[in-house]
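Structure first, then comments.
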Amino acid sequence: MSADRPCTALVLSGGGARGAYEVGVLRYVRERLGSADTQFDVITGTSVGAINGAYIAATCDRPKAQARALQKVWSQLTINRVYDFGWSQLRSLPRVLFGRNLPKTPHGGRVGGLVDSTAFAQLVREQIPWRGLTENLASGKLRAFSVTATEVATGISTVFVQAGRRRVDPWPEGPNETVVRTGITAAHTLASAAIPVLFPAVKIGDQFYVDGALRQNTPLRPAIRLGAKRMLVIGLRHSESPAERRVRQRAEAETAYPNAFFLLGKLMNSLMLDKVETDLDRIEQTNQILRAGANEFGPDFAQRLSDAVGREKPWQAVETLVIQPSEDLGRIAWEVVRDARLRGYDGIVPSLIRRSVEADERVEGGESDLASYLLFEPEFINRIIELGYADAARHHDQLMHLFRPESA
């Protein structure tokens, strides 16, 4: 960690194919901030953010090249490479849904997935230089890396943490959270990204794990617990203006009863994207309390407050910069599928994506949230990478301020 700059964290969200947006933001940070020290001391990720985060953590010794290299990895993704779902998987659907002849958890539960993710798992194992992760932590180029997954048997959010040579203080676990200190491997990141039912759960030790976004989509808490005083948070949901919200609500109200594809897309939004606003509001409320307390009672207010409640370390304000899509990613996915109809793709998943877009054509302006999660297709990926880059450019001054030296 740079001596003249507070601990800075990169926080990456989950969202399937939407994760390409994170690549665009990171490319701008690496290429356009000039002489600014853009080192991330802590990296936390959930779901697809865990995979992107693992790559950034494993290559942080060569920051100038890493974002372009990560973009190249994303450019290799196609629907067929990510989802191997054909008639053989369709025939196994009753087994997956009703639990026949599937691997057992230690508690007798059964887990499985509709998609054969072998090719995608191989990509993650081979394209991320895993040895670099351990070396960067050992050399001090990175302070800590964490990914979050959900334990199948209990539903508890499990934060896997790998720390470097600096001591990382333990933090109190909540009723629905446990912290495991371990060397993070491809298995941990694949578990964090294993969307239930679609992808098979991943066994780590004696337990099976699935997507961490079910309980902790944007891992702000781990970043704070790992010492972050500043955070770059990359969200994957377009923040609507009041006018946009009114137009969308009017269009949806005039539409016939929502179809299953539309509802599934909204359900995934609720599970994977809606929690970040609440977490950020909580951080800002704490910051306001600390500022008001210092103004009213003096600069030692945080220490006195912490002593009063028996907290070992005083609360500190956390500076956050959130970059989110300026356009609706569901709209972009809808346009890509509408224009190309996924020519050259056969099979059940492309058909599902086409059907979801056709079903959502009645909504004014068109959108398909479901397609935006599933659409690992070069045109969509490249469009949202460029959107992430452009959105980061709009936050240039805020980014420079985030990475400023502490004395500035």
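The values are calculated or read from the model by the stated rules, or taken from the named source; none is laboratory data. A quick note: this is a predicted structure, and the numbers were derived from the prediction, not measured. Here the Cβ is made from the backbone with ideal geometry for all residues, glycine too, and neighbour counts use every protein chain on show. Ligands, DNA and RNA are stripped out before the accessible areas are found, and what is left, the full protein with its side chains, is counted by its heavy atoms. Shrake-Rupley method; radii C 1.70, N 1.55, O 1.52, S 1.80 Å.
Between ASN382 and ASP300, the FRET efficiency estimated from the beta carbon spacing at R0 = 45 angstrom works out to 0.30.
Within 10 Å, count the other beta carbons around each residue, average over each peptide in 183-193, 389-399, and list them highest first. Spell out each step's value before the answer.
On the way: 183-193: 23.9, 389-399: 16.3.
Those peptides, ordered most packed to least, come out 183-193, 389-399.
Residues TRP171, TRP315, sorted by accessible area with the largest first, give TRP315, TRP171 [1.4 Å probe; ligands and nucleic acids excluded]. On the principal axes of its alpha-carbon atoms, segment 119-189 has extents of 36, 34, 11 Å, going from largest to smallest. Residue-wise HN-Hα couplings along segment 195-203, as the Karplus relation 6.51 cos²θ - 1.76 cosθ + 1.60 with θ = phi - 60° gives them from phi, are 4, x, 6, 5, 9, x, 5, 10, 8 Hz; Gly and Pro carry x. Residues whose amide H falls under 5 Å from that of MET231, counting only those 5 or more places apart or on a different chain, are ALA9, GLU319, THR320, LEU321, with hydrogens built in the peptide plane. Between the amide H of ARG181 and those of VAL161, distances stay under 5 Å, these residues lying 5 or more places away or on another chain, with hydrogens modeled in the peptide plane.
I need the shape label for segment 1-50. Rule: rounded when a/c is under 1.5, else prolate if a/b > b/c, else oblate, with a, b, c from the alpha carbon gyration tensor. Mind showing how you got there, number by number?
On the way: a/c = 4.86, a/b = 1.55, b/c = 3.15.
Cα axes put segment 1-50 in the oblate bin.
If both residues of a DSSP beta bridge must be in segment 137-240, then about 70% of such bridges are antiparallel.
Take the Cα pairs of segment 286-408, get the Kirkwood Rh, then feed it into Stokes-Einstein at 25 °C and 0.890 mPa s and tell me D in µm²/s.
Numbers: Rh = 18.5 Å.
D, rounded to a whole number, is 133 µm²/s.
Rounded to the nearest whole Hz, the Karplus-based 3J(HN,Hα) values (6.51 cos²θ - 1.76 cosθ + 1.60, θ = phi - 60°) of segment 20-26 follow the sequence 4, 4, 4, 5, x, 4, 5, with x at glycine and proline.
Between SER75 and THR118, what is the FRET efficiency for a Förster distance of 25 Å, r being their Cβ-Cβ separation, to the nearest 0.05?
On the way: r = 21 Å, r/R0 = 0.82.
The computed FRET efficiency comes out at 0.75.
Taking amide hydrogens as placed 1.01 Å from N in the peptide plane, the amide H of THR154 sits under 5 Å from that of no residue at least 5 positions away in sequence or on another chain.
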